[in-house]
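The values are calculated or read from the model by the stated rules, or taken from the named source; none is laboratory data. None of the values given here were measured: they were computed from a predicted structure. Neighbour counts run over all protein chains shown; Cβ positions are idealised from the backbone, glycine included. Note: areas computed on protein heavy atoms with side chains; ligands, DNA, RNA excluded. Shrake-Rupley method; radii C 1.70, N 1.55, O 1.52, S 1.80 Å.
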Amino acid sequence: PDSGAVTNNKTISWSATDEGSNIFGFKYRLAGETWSLMTSSRDHVFSDLVDGEHTVEIMAIDRAGNEGTASVTFVVDTVAPTVVSKEPTGNDASVVAVITVEFSKAMNKTLTSIVIDGVNGTVTWNGDIATFKPSSRLVGNLEYTVTVNGKDLAGNDLNETTWSFRTAKVVGTVSG
């Protein structure tokens, strides 16, 4: 992965190449561990990495014994996101209500959706909270179903979350 990446892959491969014939060999390590010599084809696979931040370092050694190192730091995250809170719920929601969903972690905004059947609107984000604002007033005394799908930054799927709410009856005014 690139430095700063978040991935749900517990197996990471690392490879190194040289641009000339001066490279004698390569060593690798996970930060804090001892260096190991790459013994086959200048690559290595780290399997079963635990969730959390990892730094992989690689060292190139030329024939004169000079060393150069490079590293990449990334996060392994295999925990699925959840919906922490959602509004509105129940009965008597305002016909000008906005739908808010708070997630347990940062979400991939382009792969996360809030759908209310028959309602158009726009989604905005503030941290881990998504807000769906209908483009027009909701109908009074009507039940609406909200469906939320998505993925977090590592690509873990959110279990589809669905709930319903009912808008309040709209009392009209009589002019005379």
Accessible surface, per residue, of segment 44-133 when the full set of protein chains is kept, probe 1.4 Å, Å² = 55
Between D62 and T39, what length in nm is gained on full extension when 0.36 nm per residue of separation is reduced by their alpha carbon distance?
-> 6.7 nm
Just add up the charged neighbours of M107: K/R +1, D/E -1, any other residue whose Cβ is under 13 Å from the Cβ of M107.
-> -2
If you add up the charges near V139, with Lys and Arg at +1 and Asp and Glu at -1, over every other residue whose beta carbon is less than 13 angstrom from its beta carbon, what do you get?
-> +1
The ³J(HN,Hα) series, computed from each phi in segment 45-56 with the Karplus coefficients 6.51, -1.76 and 1.60 at θ = phi - 60°, rounded to the nearest Hz and given as x for glycine or proline, is 10, 8, 10, 6, 5, 7, 4, x, 7, 9, 10, 9
Roughly speaking, to the nearest percent, how much of the chain's 1.4 Å accessible area is carbon and sulfur?
-> 46
Loop only per DSSP, at most 11 neighbouring Cβ atoms within 10 Å: give me the GluC sites (Glu not before Pro) in segment 95-176, ordered by residue number.
-> E160
Karplus-derived 3J(HN,Hα) from phi for segment 126-136 (6.51 cos²θ - 1.76 cosθ + 1.60, θ = phi - 60°), whole Hz, x at Gly and Pro, runs 9, x, 9, 10, 9, 10, 9, 10, x, 6, 8
If each K or R counts +1 and each D or E counts -1, the residues other than T69 whose Cβ falls under 11 Å of its Cβ total 0
